[in-house]
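Working notes for the structure below.
What follows draws every value from the coordinates through simple rules; no lab data is involved. Keep in mind the model is a prediction, meaning the values are calculated, not measured. Neighbour counts run over all protein chains shown; Cβ positions are idealised from the backbone, glycine included.
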Amino acid sequence: MSFIQKPCYYTGSLVVLLPLTLLCLIFLLPLSTYLSNHLAAASGAASGCLGTANVAAAPAAGDIEDAGGHHSDFSILIGVHTMARKHSRRHLIRMAYALQQTAPLRGAARVDVRFALCARPMQPEHRAFVAMEARAYGDVLLFDCAESADQGKTYTYFAGLPAMLGGAADPGSGRPYDYVMKVDDDTFLRLDALVEALRDAPREDMYCGVGLPFHDRAFPPFMLGMGYLLSWDLVEWIASSDMVRREAIGAEDVTTGKWLNMGNKAKNRVNIFPRMYDYKSAKAEDFLESTIGVHQLKEDIRWAHTLEHFNLTTLKPSSKLYNF
Ligand SMILES: *[C@@H]1O[C@H](CO)[C@@H](O)[C@H](O)[C@H]1NC(C)=O
């Protein structure tokens, strides 16, 4: 289910709306209690409620049917790692991904975009706004971690997901998603290119991203933090490994590679270099045709250039935007 179809949007027919609203209430009540309580006392159990809210009504992986009757072959959870205070940036990113949830994309894969936030610290105004976003969009995942670089947020994210997502969404598939991605909030992903790159990739023991060194196609020791994916079995392994828990802290991208290397995991590695890269300029030649992602989009103007280049800003001539 894409987030433009989230049950928490107050659109759609009453028949659909009523049970979904009840679902939202059931799962969001613990959330609002949680958010209104002192967040320093955040517990893993409480953040679990928030995770459940986001997936409870999602269709099972492996046999997804969208409104057009297409079946998705596989599913990806994209966690955009960001901070509570960045409301306007989240709004922009939400639009950038909502606009890409086309029928062909939904037919090829289920791509759920969520925002991964640490609950500590969270100022009162951020807590209020985040709670509203969670209610309006249902795309917030709150983790029991401290929001500071390289203090184990990535570990908490991967290790927390199996409990938050409640195991298999579909008993047949055995997993809620085929892949889980961690992406920075200054990275723009082209979802169709990402899905196409993964279509024939292994679904298990898989680690995909921009590998370093770039030209190690077969087995790069780690993937750059701008954005990388793990197959679900590796997420479960991270959640259950004592070794990984001991090694949780460190420069997050190198550290993820270190866990996998130490654990003799991820024998399938897909190096998507150079298809995800740092922004250079607004010039067309500075964007690759085969782009999967553009990184280093810190300023609004860089987002604007990138979104314009990839035609996300193109209006239909018939749109009633102008009065001239
Ligand atoms: C954007 O749209 C224009 C006009 O349809 C097209 O020529 C161009 O190739 C598109 N750009 C990308 C990156 O898809």
Length released on extending from Arg203 to Asp216, taking residue separation times 0.36 nm less the Cα-Cα span: 2.6 nm
By average Cβ neighbour count within 10 Å, what is the ranking of 179-187, 269-277 from highest down? 179-187, 269-277
Give me the one-decimal nm value for the distance between modelled label points at Met132 and Ala163, 7 Å along each residue's Cα-to-Cβ direction. 3.1
Provide the FRET efficiency to the nearest 0.05 for the Lys283-Asn323 pair, computing r from the beta carbons and using R0 = 35 Å. 0.60
With 0.36 nm assigned to each residue of separation and the Cα-Cα distance removed, Leu99 to Arg245 gains 48.8 nm
State the three equivalent ellipsoid semi-axes of region 167-250, derived from the C-alpha gyration tensor as the square roots of 5 times its eigenvalues, in descending order and whole Å. 21, 19, 13
For Val210, which sequence-distant residues (separation of 5 or more, or a different chain) have an amide H within less than 5 Å of its own amide H, given hydrogens modelled in the peptide plane? Leu224, Gly227, Ile272
When every alpha-carbon pair in region 70-189 is counted, what percent end up more than 20 Å apart? 45
Could you pull out every one of the aspartates and glutamates with an alpha carbon less than 15 Å from that of Lys267, ignoring same-chain neighbours closer than 8 positions? Glu204, Asp205, Asp216, Asp233
Filtered hits (lysines, Cα-Cα < 24 Å from Lys153, offset >= 8 within chain) -> Lys86, Lys182, Lys258, Lys265, Lys298
If I model a spin label as a point 7 Å beyond the Cα along the Cα-Cβ vector, how far apart are those points for Lys86 and Ala304 in nm? 1.9
